[in-house]
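Read through the structure below, which is laid out as structure tokens, and then see the notes.
The values are calculated or read from the model by the stated rules, or taken from the named source; none is laboratory data. These figures come from a predicted structure and were not determined experimentally. In this analysis, Cβ positions are derived from the backbone assuming ideal geometry, glycine residues included, and neighbour counts consider all displayed protein chains. Accessible surface areas use protein heavy atoms only, side chains included; no ligands, DNA or RNA. Shrake-Rupley method; radii C 1.70, N 1.55, O 1.52, S 1.80 Å.
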Amino acid sequence: PQGIIVHTVEDDALRDVASSELVWDDTGSNNKREYALWCGVPPNDNYVVIGGRFSVDPYYAPPDSVQTRRIKAIRRDLVVFDDTFSVRNDAGWARKDGSAWKTWCGSGASPYALIPMLGHGAPPRDYSFSLDRSKSTSNST
């Protein structure tokens, strides 16, 4: 797994994700396992959620609070828009088309983030975020 650990300096920089929204599932694929792509819903328009998550669940159940306890929404002024590249395309084996994209991290500081999309088109640029390098510091260990 990839991720980034954020230690906030400002109390309101991070908030809990309000919920998870189903973007795509493999209904109709006849797979033995049920795959789904989810994205977090921020608590309000002042926050964004960087990336999404992939799940394997027999009933396409949304991620529960234990699975999402470390996923946070980040205050919008602390992120920048970023470019993306395709990493997975369902190639039409389910009833709905879906794809997964990653951010380039060219202008931002976060690790690659998974961005789930319904269909095969690239995510809109205002849907792809990275932490703003000018507002963050990083330490390598």
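Restricting F85, F54 to those that are open to solvent by 70 Å² or more (accessible area, probe 1.4 Å) and within 20 Å of L118 (Cβ to Cβ) reduces the list to F54. Between R15, R69, which is more than 18 Å from P123 (Cβ to Cβ) and either modelled with pLDDT of 85 or more or open to solvent by less than 70 Å² (accessible area, probe 1.4 Å) (or both)? Exactly one residue qualifies, and that residue is R15. Only a single criterion out of (1) closer than 24 Å to R15 by Cα; (2) assigned to a strand (DSSP E or B); (3) at pLDDT 80 or above; (4) open to solvent by 60 Å² or more (accessible area, probe 1.4 Å) is not satisfied by D77, namely (2).
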